[in-house]
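A short write-up of the structure that comes next.
The values are calculated or read from the model by the stated rules, or taken from the named source; none is laboratory data. Everything numeric here is computed off the predicted structure, so don't read it as measured data. Cβ atoms come from the backbone with ideal geometry, glycine included; neighbour counts cover every protein chain shown.
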Amino acid sequence: MMVHRSLTCGLALLTLWSASTSWAMPASYVYPTVSTHASFSPLLTDSQNRSSQTGAPLASHASLNISHQLGSMVAEAHGQVQPGLIRFFSSSTATAIFEAPLAFGHVLSAAQATVIAGWQDTFTINSESLNGTRGHLVAGFRVDGSFDWTVDPWALTVANPVMDQYYSSMLTLNSGVDSASTRGGQDHRISYPGVEQWGPAPGAGPERAPGLWTIELDFIFGSPLLLQIEGSAHTAAVAFACPGGSPCSLHTFTNSTADFSHTAYWAGLLGVTDAQGNSVSNYTVHSESGFNYRLAAVPIPAAGVLLFTGLTALVGLAARRRS
């Protein structure tokens, strides 16, 4: 059983941004989508799309929680945007229980959640003695986050439960005379009994671990630069139960979490030089949003309560089963 890998592509929006002739107005968007499906219920999907043309911070989430005598599925996706920073959270939980004679054949539960968030702004590097001349900059871009997963320790399955988790991040700068981008992400898949696979996130470019990424390009002092930041997180969980004996079990659950609460954010200008390569320090930065891109964005505190949503669903189901 392969996990359905649903990657909502926000790159089309970035392409439109790059093609735009007007860089004046900051913009942001958050797009979470979740879906759940089981052999005892139809496919259910929920999604939200929020965007801003004012640069104001955005927050959005989508969630589904379905319980049944034969199992339950929980999927959540959250995203938040503020100048120079985006964060997202994705969690999927699936539980399957085989109960004869109420169920025959097998019980399948699947849940998945994806969130994409992005930010666009323009900023200008000003220096009275250098405005109108060419310069060179090195900027920092930091990606933070973690994966977490739980598997039913008593599951006898070989290929299930299955978890699929990935994140992707991208930064693009366009100065009008030069453009550069850095992008990447990781995909993490686990199947019982704990066989792990790592690789590049689908559609995100090369495999790349969280940490400090850098980007550099030529620019003109006093002329605006277009900045675009985008990130995404995806989780999927599949549980499969059928009459005992390998490769099946009577009761399985999985929990998959991608927590990038301090996700992808601007880490400041790491170096600015003039056309001759001389270091420049007497400059100022002005942006349309009012954020000072000379400095690093300050990550907002993580909403730790989100981490416990999937586990709470599992505990509740277990308590109900014992009763």
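Residues considered: S67, S72. Of these, the only one that is touching a residue at least 40 places away in the same chain (Cβ under 8 Å), in a strand (DSSP E or B), of a type in the set (G, A, S) and surrounded by fewer than 16 Cβ atoms within 10 Å (Cβ to Cβ) is S67. Consider region 150-175 and keep the residues that are modelled with pLDDT under 90 and surrounded by fewer than 22 Cβ atoms within 10 Å (Cβ to Cβ). The one that is nearest to S91 (Cα to Cα) is T150. For region 87-134, the set of residues classified as more than 26 Å from S28 (Cα to Cα) and part of a strand (DSSP E or B) consists of T93, A94, T95, A96, I97, V107, L108, S109, A110, A111, R134, listed by residue number.
Might you let me know whether region 189-210 holds any residue that is aliphatic (A, V, I, L, M) and without any contact (Cβ under 8 Å) to a residue 12 or more places away in the chain? If you could, list the steps in order and put the result at the bottom.
Step one: filter region 189-210 for residues aliphatic (A, V, I, L, M), giving 190, 195, 201, 204, 209.
When the remaining residues are screened for being without any contact (Cβ under 8 Å) to a residue 12 or more places away in the chain, the result is 195.
So far as region 189-210 goes, yes, one or more of its residues are aliphatic (A, V, I, L, M) and without any contact (Cβ under 8 Å) to a residue 12 or more places away in the chain.
Answer yes or no as to whether Q197 is part of a strand (DSSP E or B) and under 17 Å from G118 (Cα atoms). I'd like the intermediate steps shown before the answer.
On the way: part of a strand (DSSP E or B): yes; under 17 Å from G118 (Cα atoms): no.
Spelling it out, it is not the case that Q197 is part of a strand (DSSP E or B) and under 17 Å from G118 (Cα atoms).
Against the test of being of a type in the set (V, I, T), out of contact with any helix residue (DSSP H, G or I) (no Cβ under 9 Å at 6 or more places or on another chain) and modelled with pLDDT under 90, the options I190, I229 yield a single qualifying residue, I190.
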